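Have a look at the structure below before the remarks.
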Amino acid sequence: MGKNLVQKILGSHLVEGDLVPGKEIAIRIDQTLTQDATGTMAYLQFEAMGVPRVKTKLSVSYIDHNTLQTGFENADDHRFLQSVAARYGIYFSRPGNGICHQVHLERFGAPGLTMLGSDSHTPTGGGLGMIAIGAGGLDVAVAMGGGPFYLTCPKVVNVKLSGALQPWVSAKDVILEVLRIMSVKGGVGKIVEYGGEGVRSLSVPERATITNMGAELGATTSIFPSDAQTLAFLKAQGREADWVELRADPDATYQETIEIDLSRLEPLAAKPHSPDHVARVSELAGTKVDQVLIGSCTNSSFVDLMRAAAILKGRTVHPSVSVGIAPGSKQVFRMLAENGALAGLIASGCRILESACGPCIGMGQAPNSGAISLRTFNRNFEGRSGTADAKVFLVSPETAAAAALTGVMTDPRTLGAHPTVRMPERFLVDDNLVIVPPADGSRVEVLRGPNIKPLPINTAVADRLRGAVLLKVEDNITTDHIMPAGAKILPLRSNIPAISEHVFEGVDANFATRAKANQGGFIVGGSNYGQGSSREHAALAPMYLGVKAVITKSFARIHRANLINFGILPLTFADEANYTQTGQGDQLEIEDPAGQITAGPEITVNNLTKGTTFKVQHGLSERQAQIVLAGGLLNFTRGQAG
């Protein structure tokens, strides 16, 4: 029986287990990436392991999130990250070099490799034929130390593409269609593998848009084959030596198959406040627009911005619309500047932002109150923009540029002839903002500012867990709800005592105070709890506040792994009716958690307030159980080393 592409790459990197969906496996990791919002904590964790130098083939530390320097904190973190990189053998991408996923695609990613990144959009690398997975910083730290990455062996979904995209329809519309079909939780426990004749028509930047936003499916990752398009991209980057051909066998099998005819797609938009709330742009036409932002790790490639520039060329943006453009990398920025497109964008009235994540994570460019903002980004969660009552739509660069001109949601197909923009045969290559680590960094001093606090370490699980339900929340709670981002909070990422004051701030401003007054307790949630970002702070800060267990209908993959890594029990209701019957403020008790976990998959929870009991399931592998009971992965790793 033939193998699919996922089986080939996972199989060649397998170090434990068998490739049976639902079973725990461990894979060897070739590359890692971090960014500055998650990197400081990841490297503090790496230091705690006592490993003198990274053991991966390549590790890169990027500065792209916390670039708004309104105080010393972000600059201090950048200095720390640069010195850590030099000491431990990590490449360092300086501020201004670009967004991690865009730069890694351009300069470092290669077909057939595995990559672990402390950012949920690491699957962007799947556009090059990599198994690229987003994870918490602690998992990345372990991989840098030479440890394997453990995951549940995923099912593989084949998205079979046929035909070719029509004018004014783009790769963003492809992934929006996949989200419409599968939903934001339809990819949990799965890898999406793209195939079919239609893939031949998609360039690597287009494929990367699709795999990048595949993170919103809840999928482990997404991947395209490595073919002539892959070779063309790598050759244009001067990296053709990195190319290998990789494709599924003709008789490969899959657990699911979805068929999409690219020629039948039309411009789409994700409506507020979820990436799977998809509608045709033609149905939304005429809706007034206040802001347009083009960029992010999803849609900031050279081709994306050249298309926007071609649409806006010689015209002026609508007087009621604020338009911002963020090139994804220094490479893109320079090429736009040197071919004149940047001058055209400036002349049309666009505001040019730096090559960074910026407004995608609420770091500047918050829209006006009650605004409708069209963004080429990957997430439109409520409040993520920095404006609580803004309504964010996710669209393609073509649809965004059309609205920038007209002031209303506009089907770009009404603009006339589609501008022809092709991937260049040669990109401008200048890696002067990438610092290569010295061969021996043992004498490099690691520089720490006053905002970098010691890493909090959990303790082993107690003989009895008792506490109040500190908060009860509904379905699809995101990591933005749990641990907000934005210009106010992101600078505190290396200071857990300070950032913990903001846990669930937008949901319940009194949460942190209540958690401390109760000396911790439990959280109760609905389905898909913890969707969105890989930010481990959404587990680490609650752990610091004393949260012992989170009981939900279901979890998002990365957040559940992060809870385990920090010694918080991730539990699901055996009977979802008990979600309704469990209230905020109820006193819960779990007797002998270690004994119950060891005995089987179910745990009994006593609701002392109501005088009832109910069953929950832990779903932990033997290894995961040991990690939780030890108080987290760091304690477990130290114990193993000891």
Members of the range 15-26 that are of a type in the set (D, E, K, R) and either closer than 28 Å to Ser494 by Cα or out of contact with any helix residue (DSSP H, G or I) (no Cβ under 8 Å at 6 or more places or on another chain) (or both): Glu16, Asp18, Lys23
- prompt: Between residues in the range 591-615 that are farther than 18 Å from Thr552 by Cβ and residues that are of a type in the set (Ser, Thr, Tyr) and outside any strand (DSSP E or B), which pairs lie under 9 Å by C-beta distance while being six or more apart or on different chains?
  reply: Lys610/Thr582
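Determine whether Val421 is at pLDDT 95 or above and not assigned by TED's automatic domain parsing to the domain that holds Ala48.
Details: at pLDDT 95 or above: no; not assigned by TED's automatic domain parsing to the domain that holds Ala48: yes.
So Val421 does not fit the description; no.
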query: Checking Asn451 against (1) in contact with an Asp or Glu (Cβ under 7 Å, 6 or more places away or on another chain); (2) without any contact (Cβ under 8 Å) to a residue 12 or more places away in the chain, which single condition isn't satisfied?
result: (2)
query: With Ala270, Ala285 as the choices, which residue is farther than 21 Å from Ala309 by Cα, buried (at least 20 other Cβ atoms within 10 Å of the Cβ) and modelled with pLDDT of 95 or more?
result: Ala270
- request: Inspect all residues belonging to the range 21-34 and state whether any of them is of a type in the set (Ser, Thr, Tyr), at pLDDT below 95 and either within 22 Å of the chain's Cα centre (by Cα) or in a helix (DSSP H, G or I) (or both).
  value: no
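When residues of the range 337-352 are filtered for being crowded, with 20+ Cβ neighbours inside 10 Å and aliphatic (A, V, I, L, M), how many remain?
Our first condition is that a residue be crowded, with 20+ Cβ neighbours inside 10 Å; within the range 337-352, this holds for 341-342, 345, 348, 350.
In the following step, the residues that additionally are aliphatic (A, V, I, L, M) were identified as 341-342, 345.
Residues flagged as crowded, with 20+ Cβ neighbours inside 10 Å and aliphatic (A, V, I, L, M) within the range 337-352 amount to 3.
I'm checking my understanding of the structure. Among residues of the range 27-51 that are among the acidic types (Asp, Glu) and out of contact with any helix residue (DSSP H, G or I) (no Cβ under 7 Å at 6 or more places or on another chain), which one is farthest from Thr637 (Cα to Cα)? Please lay out each step first, then the result.
Let us first name the residues in the range 27-51 that are among the acidic types (Asp, Glu), namely 30, 36, 47.
From the residues that got through so far, the ones that are out of contact with any helix residue (DSSP H, G or I) (no Cβ under 7 Å at 6 or more places or on another chain) too are 30, 47.
On the way: Asp30: 20, Glu47: 13 Å.
Filtering the range 27-51 for residues that are among the acidic types (Asp, Glu) and out of contact with any helix residue (DSSP H, G or I) (no Cβ under 7 Å at 6 or more places or on another chain), the one farthest from Thr637 (Cα to Cα) comes out as Asp30.
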field: Residues of the range 605-616 satisfying the condition of being surrounded by 14 or more Cβ atoms within 10 Å (Cβ to Cβ), over 31 Å from the mean Cα position of the chain (by Cα) and in a strand (DSSP E or B)
entry: Val605, Asn606, Asn607, Phe614, Lys615
message: Let me confirm something: among Ala241, Ala248, Ala279, which residue is surrounded by fewer than 19 Cβ atoms within 10 Å (Cβ to Cβ), among the aliphatic types (A, V, I, L, M) and under 23 Å from Asp30 (Cβ atoms)?
response: Ala241
field: Residue tally, condition part of a loop (DSSP other than H, G, I, E, B), modelled with pLDDT of 90 or more and surrounded by fewer than 16 Cβ atoms within 10 Å (Cβ to Cβ), over the range 458-493
entry: 6
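Matching residues to (1) out of contact with any strand residue (DSSP E or B) (no Cβ under 7 Å at 6 or more places or on another chain); (2) within 28 Å of Arg422 (Cα to Cα); (3) among the hydroxyl-bearing types (Ser, Thr, Tyr):
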position: Thr221; (1), (2), (3): no, yes, yes
position: Thr230; (1), (2), (3): yes, yes, yes
position: Arg280; (1), (2), (3): no, yes, no
position: Ile294; (1), (2), (3): no, yes, no
task: Please indicate, with yes or no, whether at least one residue in the range 62-69 is surrounded by fewer than 24 Cβ atoms within 10 Å (Cβ to Cβ) and without any contact (Cβ under 8 Å) to a residue 24 or more places away in the chain.
output: yes
Criterion (touching a residue at least 40 places away in the same chain (Cβ under 8 Å) and in contact with a Ser or Thr (Cβ under 7 Å, 6 or more places away or on another chain)) met by exactly one of Val421, Val429, Val461, Val446: Val446
Candidates Leu151, Leu128 - the one that is farther than 21 Å from Val20 by Cα and in the same structural domain as Asn66 (by TED's automatic domain parsing): Leu128
query: Restricting to the range 211-231, what's the tally of residues that are under 30 Å from His559 (Cα atoms), of a type outside the set (Ser, Thr, Tyr) and in a helix (DSSP H, G or I)?
result: 6
Evaluation of Lys313 against (1) surrounded by fewer than 17 Cβ atoms within 10 Å (Cβ to Cβ); (2) closer than 29 Å to Asn476 by Cβ (one fails), failing number: (2)
- prompt: Is there a residue being within 26 Å of Arg514 (Cα to Cα), assigned to a loop (DSSP other than H, G, I, E, B) and in contact (Cβ under 8 Å) with a residue 40 or more places away in the chain anywhere in the range 623-637?
  reply: yes
query: Is there a residue being of a type in the set (D, E, K, R), at pLDDT 95 or above and either surrounded by 21 or more Cβ atoms within 10 Å (Cβ to Cβ) or under 19 Å from the mean Cα position of the chain (by Cα) (or both) anywhere in the range 380-396?
result: no
query: Does Ala356 meet the test of being crowded, with 21+ Cβ neighbours inside 10 Å and either among the aliphatic types (A, V, I, L, M) or more than 20 Å from Arg422 (Cα to Cα) (or both)?
result: yes
statement: The number of residues in the range 251-261 that are surrounded by 13 or more Cβ atoms within 10 Å (Cβ to Cβ) and over 26 Å from the mean Cα position of the chain (by Cα) is 3
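The values are calculated or read from the model by the stated rules, or taken from the named source; none is laboratory data. Just so it is clear, the model here is predicted, and its values are computed rather than measured. Glycine also receives a Cβ, built like all others from the backbone with ideal geometry; neighbour counts cover every protein chain displayed.
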